[in-house]
Amino acid sequence: MMKKLDLKSFTAGMLVGTLGISTAFAAARISSANLSDTTITLNGIPIVFNKPLISVTIDDESSSSLYAPADEAFDKLGYQVCYDSEKNLINLIPGNGNSQEVISSGSSEGNVVMNLANHANQLNIAESGSFQAESNQTLTISVTSDIKGGAVDLFLFDPSGNEQRITIESSNMIREIPLEKGTWQYNCSGIFKEGGNVRIVGTIK
């Protein structure tokens, strides 16, 4: 049974990653705080956090609250997070383009399950997500790249957790990968200090 999350607690908890745990809980007495293996999804797609989630129980509360890193959480939702320490202010600027939404199309070319690109004037890329596959399907990865001074690594993880690594430099490529039924995850990251752009589109059919 899905339980409705305490929005007030979650919002406060999201401050942990930006302000530090001591600031977030300064006015509360903690009876317990533990790392959490809870999975957070956006439209059914798991969000991968680099920083841990924390389950915290405050004195006089019967249930614990889940605390997530603000900078990563808002970034995944498509916001740039700016923290002004002097004003103790977090400013959310919409439109960083990192939303976890998976674009799907029903064209004859297949369903788009991966659509990644660096942003204008951004000399790096850092994206992650997942998609569902059926047996005997094929993932076709199309890469357009003219990046210079670095490389991009695309890691694919099959439903059993086995890893495949594709290194992208300054060239276009197409890769076809047989799929097995289940949830596949991907992580794409890299730095290219001398400029250029990269776009990675994955379709399954």
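The values are calculated or read from the model by the stated rules, or taken from the named source; none is laboratory data. All values reported here derive from a predicted model rather than from experimental measurement. Methodologically, a virtual Cβ is constructed for each residue, glycine included, from the backbone with ideal geometry; neighbour enumeration extends over all protein chains shown. The accessibility values were calculated without ligands, DNA or RNA, using every heavy atom of the protein model including side chains. Shrake-Rupley method; radii C 1.70, N 1.55, O 1.52, S 1.80 Å.
General observations
- Residue check: L77 meets all listed conditions (1) modelled with pLDDT under 75; (2) open to solvent by less than 60 Å² (accessible area, probe 1.4 Å) but one, namely (2).
- Which listed residue is more than 21 Å from K181 (Cβ to Cβ), among the polar types (S, T, N, Q), open to solvent by 80 Å² or more (accessible area, probe 1.4 Å) and at pLDDT below 75, from S99, S85: S85
- Some residue of segment 179-191 being more than 19 Å from S130 (Cα to Cα), open to solvent by less than 20 Å² (accessible area, probe 1.4 Å) and under 20 Å from the mean Cα position of the chain (by Cα): no
- Residue check for T23: modelled with pLDDT of 75 or more, surrounded by 10 or more Cβ atoms within 10 Å (Cβ to Cβ) and either in a strand (DSSP E or B) or of a type outside the set (G, A, S) (or both): no
- Flag for D71 being at pLDDT 80 or above and open to solvent by 30 Å² or more (accessible area, probe 1.4 Å): no
- Residue that is surrounded by the fewest Cβ atoms within 10 Å (Cβ to Cβ), among those in segment 27-41 that are more than 15 Å from the chain's Cα centre (by Cα), at pLDDT below 80 and among the polar types (S, T, N, Q): S32
- Applying the set (1) under 23 Å from P46 (Cβ atoms); (2) of a type in the set (D, E); (3) over 17 Å from the mean Cα position of the chain (by Cα) to E176 leaves exactly one unmet item: (1).
- Test: I204 is over 19 Å from the mean Cα position of the chain (by Cα), surrounded by 18 or more Cβ atoms within 10 Å (Cβ to Cβ) and either at positive phi or at pLDDT below 95 (or both): yes
- Of all residues making up segment 165-178, the number that are open to solvent by 80 Å² or more (accessible area, probe 1.4 Å) and within 15 Å of G202 (Cα to Cα): 6
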